[in-house]
Amino acid sequence: MTVVIHDSQTPKRGDTHARIRWALFGVALIGSFAQFGVVASLNDVATHFGSHPNVLRVNTLVGLNGSQIALGLAILRVASLGALLFTSLGDQKGRAGVLRTVFSVGLLLTAFASASPSYWVFVLIFALARPFLAAATALAQVLTIEHSRGHRVAPMALLTAGTGIGAGLAAIFHGVIRGPNSFRWLFALAALPLLSVPALLRPLRNVSSTRASESRLGAVPQGLRRQLGAMALVAFAIGVIGGPANGFAFVYGEGVCHISPSAMSVIILLCALTGLIGLWVGNTVSKILGLKRSLVLSLLVVALMATLAYGGSKWQFTIGYLLGIGASGAMSPVLATLATQIFPSQHRATCAGWVVVAGVIGAVLGLELFGYIVDAWHHSHPWRAAGILTFWPTLLLLFVLPRISEQHRD
């Protein structure tokens with residue numbers, strides 16, 4: 001007779017995976033709070049640093065014109081391209097250690113942005129933080145996939161929920177902290193979570209990662225490039241739509257529709273509900289239709305709701321933004337799952353970095369195109385026209401989805 005003795009001090013494997021996923025949830029929440037602060041406070045930043053010429057254009061409303069705001073947002077997006085360096089290091093040096101470093105540095109730089117003396121210095125400092133925070137998000141997604149079993153959209157939805165909560169907290173703090181330097185206090189808050197990083201990431205201390213054999217950072221084997229190219233094109237299309245849909249939302253809501261910051265905070269609280277519903281819908285629909293069909297359906301709703309949000313009235317913005325957040329909640333975990341599980345473990349973080357790069361390029365082009373149309377459109381409803389001309393032609397790029405496999409690769 002064999003007697004099996006269980007050590008009560010040794011956690012079960014499932015418990016270990018659960019603790020890791022909750023730690024990554026914390027990374028997503030804090031990282032999103034740090035990154036979304038620039039979007040939530042953009043109207044205040046533009047008003048604080050901008051001028052107010054006597055021209056009936058966007059700059060009369062928010063202090064900077066559409067092109068200047070778009071350029072600032074585009075610079076922040078371009079800076080995220082540096083995330084590829086750190087995600088590749090995650091494959092070569094171990095993901096947990098790299099995640100701990102980039103997460104800490106990103107938070108520290110975000111806090112430094114609170115002392116910016118001008119708009120462009122603010123953009124520069126925040127741009128330095130973006131590749132670190134973007135890499136932390138990508139590595140968190142990879143680790144979530146690798147510490148999940150079965151249908152992986154649900155664990156990824158938890159990570160997405162953390163991202164949504166962090167963004168919501170940034171918007172709520174933006175509404176509560178008012179005054180001429182309110183945005184400075186918002187960014188300074190990013191320094192507080194730095195104290196908790198060692199405790200937060202303690203469950204990752206024993207995580208081991210399969211390391212890639214390539215010596216060059218960013219190198220991907222020939223056999224993976226077709227799948228990676230198709231996935232990157234999908235991420236590019238989502239970036240073109242999501243960049244301006246999210247990037248201009250607070251500028252438009254507060255500066256154009258004249259929704260008060262406190263009312264925007266209420267909208268954000270309601271977004272928590274629609275976002276959670278979206279996460280549940282995305283998980284359910286992906287089980288029925290599969291990842292790719294679910295992704296197409298949710299992106300169509302995102303484009304439709306973003307167009308409605310920029311329609312010209314407060315109620316259109318409110319309904320469009322609320323339902324758009326719900327659709328994004330359905331889409332984001334499906335996209336993250338598809339973009340990570342189709343690549344083998346030893347190259348997964350590097351491939352995730354390339355997908356981030358594609359999404360960043362798409363967002364930059366989307367922001368610039370959208371901002372240009374807003375400034376150049378001399379007819380009625382320039383924001384609505386910018387949405388239609390930016391969002392809908394981009395959906396044609398989804399024709400590459402059939403080339404992508406949904407099969408998980410260990």
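Here are the numbers for the structure shown:
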read-out	value
Failed condition for Ser265, given (1) more than 28 Å from Ile373 (Cα to Cα); (2) of a type outside the set (D, E, K, R); (3) modelled with pLDDT under 80; (4) over 21 Å from the mean Cα position of the chain (by Cα)	(4)
Lone unmet requirement of (1) aliphatic (A, V, I, L, M); (2) touching a Ser or Thr at 6+ places or on another chain (Cβ under 6 Å); (3) surrounded by 23 or more Cβ atoms within 10 Å (Cβ to Cβ) for Leu338	(2)
Any hit, region 52-66, residues being of a type in the set (Lys, Arg) and modelled with pLDDT of 65 or more	no
Residue among Leu401, Leu395, Leu367 that is closer than 20 Å to Arg226 by Cβ and either touching a residue at least 60 places away in the same chain (Cβ under 8 Å) or surrounded by fewer than 18 Cβ atoms within 10 Å (Cβ to Cβ) (or both)	Leu401
Filter result for the condition that a residue is at pLDDT 85 or above, more than 17 Å from the chain's Cα centre (by Cα) and under 18 Å from Ala170 (Cα atoms), over Leu224, Leu192, Leu228	Leu192
Some residue of region 294-301 being closer than 21 Å to Pro261 by Cβ and either of a type in the set (A, V, I, L, M) or assigned to a helix (DSSP H, G or I) (or both)	no
Filter result for the condition that a residue is modelled with pLDDT of 95 or more, closer than 26 Å to Thr87 by Cα, touching a helix residue (DSSP H, G or I) at 6+ places or on another chain (Cβ under 6 Å) and not basic (Lys, Arg), over Ala349, Ala363, Ala330	Ala330
Filter pass, Ser294 being in contact (Cβ under 8 Å) with a residue 12 or more places away in the chain, under 29 Å from Val142 (Cα atoms), buried (at least 24 other Cβ atoms within 10 Å of the Cβ) and over 16 Å from the mean Cα position of the chain (by Cα)	yes
Of the criteria (1) crowded, with 24+ Cβ neighbours inside 10 Å; (2) part of a helix (DSSP H, G or I), which one Phe343 fails	(2)
Criterion: under 16 Å from Phe33 (Cα atoms) and either modelled with pLDDT of 80 or more or in a loop (DSSP other than H, G, I, E, B) (or both) - qualifying residue of Ala154, Ala161	Ala161
Single residue of Leu133, Leu139, Leu143, Leu108 found to be among the hydrophobic types (A, V, I, L, M, F, W, C), modelled with pLDDT of 90 or more, under 21 Å from Gly72 (Cα atoms) and surrounded by 23 or more Cβ atoms within 10 Å (Cβ to Cβ)	Leu133
Subset of region 301-331 [within 19 Å of Leu389 (Cα to Cα), among the polar types (S, T, N, Q) and either buried (at least 21 other Cβ atoms within 10 Å of the Cβ) or within 17 Å of the chain's Cα centre (by Cα) (or both)]	Thr307
Pairs, first at pLDDT 85 or above and part of a helix (DSSP H, G or I) in region 72-91, second of a type outside the set (A, V, I, L, M, F, W, C) and surrounded by fewer than 21 Cβ atoms within 10 Å (Cβ to Cβ), C-beta under 7 Å, six or more apart	Leu84/Gly218; Ser88/Gly218; Asp91/Arg211; Asp91/Gln346
Ser345 being over 30 Å from Lys93 (Cα atoms) and either out of contact with any Leu (no Cβ under 7 Å at 6 or more places or on another chain) or of a type in the set (Gly, Ala, Ser) (or both)	no
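The values are calculated or read from the model by the stated rules, or taken from the named source; none is laboratory data. Small disclaimer: the values here were computed from a predicted structure and weren't measured. Don't worry about glycine lacking a Cβ; one is built from the backbone with ideal geometry, like all the others, and counts go over all protein chains shown.
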